[in-house]
1. Determine whether Leu298 is touching a Ser or Thr at 6+ places or on another chain (Cβ under 6 Å), at negative phi and either surrounded by fewer than 21 Cβ atoms within 10 Å (Cβ to Cβ) or among the β-branched types (Val, Ile, Thr) (or both).
2. (1) modelled with pLDDT of 95 or more; (2) assigned to a loop (DSSP other than H, G, I, E, B); (3) in contact with a helix residue (DSSP H, G or I) (Cβ under 7 Å, 6 or more places away or on another chain): which one isn't true of Ala95, the others all being true?
3. Which one is surrounded by the fewest Cβ atoms within 10 Å (Cβ to Cβ), of the residues in region 130-169 that are touching a Cys at 6+ places or on another chain (Cβ under 9 Å) and at pLDDT below 95?
4. Quick one: in region 278-291, of everything that is in contact with a Lys or Arg (Cβ under 6 Å, 6 or more places away or on another chain) and in a strand (DSSP E or B), which residue is surrounded by the most Cβ atoms within 10 Å (Cβ to Cβ)?
5. Determine the pairs where a residue that is free of Cβ contacts under 8 Å to residues at least 24 places away in the same chain, located within region 114-137, has a partner that is assigned to a helix (DSSP H, G or I) and surrounded by 11 or more Cβ atoms within 10 Å (Cβ to Cβ) with Cβ atoms under 8 Å apart, the partner being 6 or more residues away or on another chain.
6. Mind checking whether some residue in region 292-305 is within 16 Å of Gln352 (Cα to Cα), outside any helix (DSSP H, G or I) and without any contact (Cβ under 8 Å) to a residue 60 or more places away in the chain?
7. Given the residues Asp80, Asp105, Asp92, Asp133, which is the only one that is closer than 26 Å to Arg351 by Cβ and of a type in the set (D, E, K, R)?
Amino acid sequence: MSENICQPELRTAFSTERDEQQAVDQLYQQLNWPGLHFVLFFCSAEYQLDILAPMLQQRFQGVLVAGCTTAGEITAMGYDQGSISAMGFSGDAFAVSGQLIEQLDQFNFHDAQNLIEQLSEQCLMQQVAPIKDHSFALTLFDGLSTQEEQVLVTIDSALGSIPHFGGSAGDDICLSNTHVYFDGAFYTDAAVIILVNTCCEFQVFSGHHMESRDSKLVVTEADSEQRRVLELNAEPAAIEYARVAGVPLEQLNHEVFALNPIAVRIGNEYFVRSIQSVNEDLSLTFYCAVENGIVLTLMQPGELMSTLDQQLSQQEQCLKEHLVTLGCDCFLRRLEAKIRGKLKPLSELLRQHRVVGFNTYGEQIDGMHVNQTFTGVAIGRKA
């Protein structure tokens, strides 16, 4: 029996079919009900996107559809790879509007203000709930666009008190082509913003399980536009990072980065800035922006499962009846669980907490771009 969530307010669906037509047909069978208003999906980059895109548009005619490619999917059954995970939202409980953002490097505050005003007006026309205190925003970015920080700051300013979260699209850790989808087509160098206005209860949240260590790294030379750090502590970045992490230079890889992340401290909180790769010139490329002069702290993983269990439970307890959690989970967290032999238990934990979403190349929370973090929204029944 399927464990997909099927409630008057929303439904979840997934397909492991590799054939694009069969996969879309399965999603349609699970999500097709008279109240369907909006479909959000997350798909493996292994699908032929030029075939998948028109099929989604044709099958869900008259319904707004948005999504992105992933570094792994989270279905109602837990972690998956090579599949499509989706959620369908009803029109009587959710007013949803969305927009594609292209030319990310030219997006400014005026653009953001106009965009949020348009999205808000479209939601209000559906007369589901007032915008204030009854709305949240979701952003999906091309995970290799390197434009998240600039666009997020402007969007967050325009949103005002509306909470906001999201994730950066992946491509199964190939780091070559990541895509967002909106209204019938996949795009690169673009982002999608979705405004969700609802009479249901919800909690937007973010958290990680990293703990600080003593080692500090000062960025003494960086190319912030390319997210590349050339020097740490006035030494070649890769050499200095390997030294403080206690790992031979030649062994630096995704697994080392996952278990030895570095973070920037803002106030009393640490925000992870994950390393993407080592370059031939011994510089380091990051998934998040880094700038000259910032002080980074070497981190170590704490208890991933118990921390996540506590974080999810805390959000669920704020709701009268929890239905589902839409989650953006960094792929490095999943990699860490795999390294430690905890992948199946973590997958089961996500299933138990009714998490649906995807593994990302970066997470977004209230205007900030972070890594190795779980961000999301817990949704309950109508308030």
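1. Numbers: touching a Ser or Thr at 6+ places or on another chain (Cβ under 6 Å): yes; at negative phi: yes; either surrounded by fewer than 21 Cβ atoms within 10 Å (Cβ to Cβ) or among the β-branched types (Val, Ile, Thr) (or both): yes.
Yes, satisfied.
2. The failed condition is (2).
3. By that ranking, first place goes to Glu149.
4. Phe286
5. none
6. No, there is no match, as no residue in region 292-305 is within 16 Å of Gln352 (Cα to Cα), outside any helix (DSSP H, G or I) and without any contact (Cβ under 8 Å) to a residue 60 or more places away in the chain.
7. Values: Asp105 fails: closer than 26 Å to Arg351 by Cβ; Asp92 fails: closer than 26 Å to Arg351 by Cβ; Asp133 fails: closer than 26 Å to Arg351 by Cβ.
The unique qualifying residue is Asp80.
Conditions (1) of a type in the set (Asp, Glu); (2) under 20 Å from the mean Cα position of the chain (by Cα), marked per residue:
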| site | (1), (2) |
| --- | --- |
| Val295 | no, no |
| Gly302 | no, no |
| Leu308 | no, yes |
| Leu312 | no, yes |
| Cys318 | no, no |
| Glu321 | yes, no |
| Val324 | no, yes |
| Asp329 | yes, yes |
| Leu332 | no, yes |
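The values are calculated or read from the model by the stated rules, or taken from the named source; none is laboratory data. It should be emphasised that the depicted structure is a prediction, and the values quoted were computed from it without experimental measurement. Here Cβ is always computed from backbone atoms with ideal geometry, including for glycine, and neighbour counts include all displayed protein chains. Quick note on the areas: whole protein, heavy atoms, side chains included, nothing else; ligands and nucleic acids left out. Shrake-Rupley method; radii C 1.70, N 1.55, O 1.52, S 1.80 Å.
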